[in-house]
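Enquirer: A single structure is presented below for examination.
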Amino acid sequence: MGELGKRYECEDCGTEILCTKAAETIPECCGKEMPIKGARELPSSD
Amino acid sequence: MNTTDFLTIATAICPDRPLMIYQGQQWTFDQAAERINRLANAFAGLGITKGDRLGILQVNCNQYIETYFAAAKLGAIFVPLNFRAKADELSYMLDNAEAKLLLMGSRYVGMVDDMLPNLPSVENCICIDEKCDGKLFYEDLISDASPEDVFTEIDDDDMTILMYTAGTTGRPKGVPLKHSGFDSYITGNVDPPDPITEEKNILTVPLYHVAGIQAMMAAVYGGRTMALMSQFKVEDWLQLVNDEKVNRAMLVPTMLKWIVDHPDFDKYDLSSLKVITYGAAPMPYEVIKKAIELLPTARFINAFGQTETASTITFLGPDDHIIEGTEEEKEKKLKRLTSSIGKPLPDVEVKIIDSEGKTLENYDVGEILAKGPRIMSGYWKNEAKTAEAFTEDGWLKTGDKGYIDDEGYIYLAGRADDLIIRGGENISPKEVEDVIDSHPSVEEAVVIGISDPEWGQECRAIVVLKESEKATEVDIIGHCSSLAGFKRPKSVVFVDELPRNQVGKVLKVKLREQYG
């Protein structure tokens, strides 16, 4: 399912989406499911 | 994406999480979003439309942040003003911005009333923290306005903030900052809210400073709770971090020094701190060394940027603050910690040029240039300064000198110009010199920055008196009372004449060598 607050990135075209409302389905792009993009390794400077 | 989307996104993900904590009160993302809608509708009712400028003169507070987003929702331009500035300086900025609306704290009402006759563009004034005669009251506007959301057609490249910064000569310069500039930094560096894990950020840096605005935007988009401090006081900072279990803090070196040197440091639990960012001035090695030892849970970041770059452009990360490895590695890391500002962020290009504009090889010292989507496109209504600030092919001249090593780390090597930076505040020597020159006994004056263990730099005036005139150091410093306190010289040196080159230009380099 689409998880609230998670970023998903298309492995083919690089499109990135952010889930602001959880859903039963996993978002798709370029004909396939988009994997979750992990948190950044480095903290931001703010 | 425009900056109002940061709030919309985070409110959708974590509506019930506190967005701001201030003076014993707190507002969730949802509550803040509603107050912002009401305020935007109130501003619209006062005739504010896209492109209008709104000035704000107040210390950090929840209303400051609400006002920014309410203005942004209308496509209006937010003009944060330095609350340490004097009436003359504020009048200049407000007049230059042609502000239509001015919001202020009650402590500034008297000063603003004296300024208003000379500010024809200002149509309405709002007092933020209490009811004041002749001013609209902020909370009345909020309670009387509609909570309906406001939608304005906003282009990502529209200006959202006009921020004033001191240069080396004369009056402050207005720097237009675009929605797209903040978008580039925030979406490139900040993780969106985690619905489960909460983070708290203590906001100490003033919101009239680009670092304060960057921290605020990052907190909103990141779903972080901001513990707001109206102004930095070391005991209050320690107490707030202790009580609220704060995870993130941004500090200028002077603040960090006061924190780690505080006699009651051990009485506070600061173990919640995970990230401490510092910048805006050189960090003394002894201070950062002590901070790393005393705050073992924190990861330290040195962030380098300026108003013209919409804040951080280079970054010396946490791993560079861990001095370990072979002796050779330790030496290299120590050097980086004491003089490097790290590597450019992914959306920024940096290069070093010589005085003729030629790109230099690694390790050769020259001026640091920057390019990228966050760089301003020019100063507000100031073509001459804009032309000076950029190379012909569009690179921003940062005014800082430095070099790059073989691994891409950038090192600072002083200023390419005469700018003085005291505790993170830029000071134009020319502005101070003009005030000293107006003293009836002064023939001419030059102001230089001298090293100061507390503030990084302080102003020193080198003064030539008119023939047979007399004045003391106290007289000269007292004559500078029209300037903000941080700009006034701390010391005065009287000389018979100033060193000059063949065409009569004062040799500041010589003065810095002799009196710096």
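The values are calculated or read from the model by the stated rules, or taken from the named source; none is laboratory data. Small disclaimer: the values here were computed from a predicted structure and weren't measured. Cβ coordinates were reconstructed from backbone atoms using ideal geometry, including for glycine residues, and neighbour counts include every protein chain displayed. In case anyone asks, the SASA skips ligands and DNA or RNA and just uses the protein heavy atoms, side chains included. Shrake-Rupley method; radii C 1.70, N 1.55, O 1.52, S 1.80 Å.
Enquirer: Just to be sure I understand, how many residues within the stretch B:297-344 are more than 10 Å from every other protein chain (Cβ to nearest Cβ), surrounded by fewer than 18 Cβ atoms within 10 Å (Cβ to Cβ) and under 25 Å from residue B:216 (Cβ atoms)?
Expert: Number satisfying all stated conditions: 1.
Enquirer: Say we look at the stretch B:372-410 and pick out the residues that are open to solvent by 70 Å² or more (accessible area, probe 1.4 Å) and either acidic (Asp, Glu) or part of a strand (DSSP E or B) (or both); which of these is nearest to residue B:320 (Cα to Cα)?
Expert: In this case the residue turns out to be B:407.
Enquirer: Give the number of residues within the stretch B:144-198 that are out of contact with any Lys or Arg (no Cβ under 9 Å at 6 or more places or on another chain), assigned to a loop (DSSP other than H, G, I, E, B) and hydroxyl-bearing (Ser, Thr, Tyr).
Expert: Qualifying residue count, the stretch B:144-198: 1.
Enquirer: Being touching a residue at least 12 places away in the same chain (Cβ under 8 Å), within 14 Å of chain A (Cβ to nearest Cβ) and open to solvent by 40 Å² or more (accessible area, probe 1.4 Å) narrows it down to one residue among B:144, B:191; which is it? Give the steps one after another, and end with the answer.
Expert: On the way: B:144 fails: within 14 Å of chain A (Cβ to nearest Cβ).
Answer to the check: B:191.
Enquirer: Among the candidates A:12, A:46, single out the residue that is at pLDDT below 90 and more than 21 Å from residue B:196 (Cβ to Cβ).
Expert: Working: A:12 fails: at pLDDT below 90.
Answer to the selection: A:46.
Enquirer: Please find, within the stretch B:345-355, the residue that is nearest to the other protein chains (Cβ to nearest Cβ) out of those that are within 13 Å of residue B:369 (Cα to Cα) and open to solvent by 70 Å² or more (accessible area, probe 1.4 Å). Working first, answer last.
Expert: Pass one, the stretch B:345-355, residues within 13 Å of residue B:369 (Cα to Cα): B:348-355.
So of that shortlist, the ones also open to solvent by 70 Å² or more (accessible area, probe 1.4 Å) come out as B:349, B:355.
Numbers: B:349: 18, B:355: 31 Å.
Only one residue tops the list, namely B:349.
Enquirer: Here's another thing I want to ask about it. Within the group B:28, B:4, B:11, B:49, which residue is more than 21 Å from residue B:210 (Cα to Cα) and crowded, with 20+ Cβ neighbours inside 10 Å? Outline the logic, then answer.
Expert: Values: B:28 fails: crowded, with 20+ Cβ neighbours inside 10 Å; B:4 fails: more than 21 Å from residue B:210 (Cα to Cα); B:49 fails: crowded, with 20+ Cβ neighbours inside 10 Å.
When all the criteria are applied, what remains is B:11.
Enquirer: Is it the case, given these coordinates, that residue B:261 is farther than 30 Å from residue B:419 by Cβ, away from chain A (no Cβ under 14 Å) and among the acidic types (Asp, Glu)?
Expert: On the way: farther than 30 Å from residue B:419 by Cβ: no; away from chain A (no Cβ under 14 Å): yes; among the acidic types (Asp, Glu): yes.
It is false that residue B:261 is farther than 30 Å from residue B:419 by Cβ, away from chain A (no Cβ under 14 Å) and among the acidic types (Asp, Glu).
Enquirer: While we're here: Give, as residue ranges, the strands (runs of 3 or more DSSP E) completely inside the stretch B:1-65 that count at least 2 residues that are in contact (Cβ under 8 Å) with a residue 40 or more places away in the chain.
Expert: Values: elements: B:18-22, B:25-28, B:53-57.
Passing ranges, in order: B:18-22, B:53-57.
Enquirer: When the residues of chain A are filtered to those that are open to solvent by less than 60 Å² (accessible area, probe 1.4 Å) and in a strand (DSSP E or B), which remaining residue is farthest from the other protein chains (Cβ to nearest Cβ)?
Expert: Looking at the filtered set, the residue picked out is A:29.
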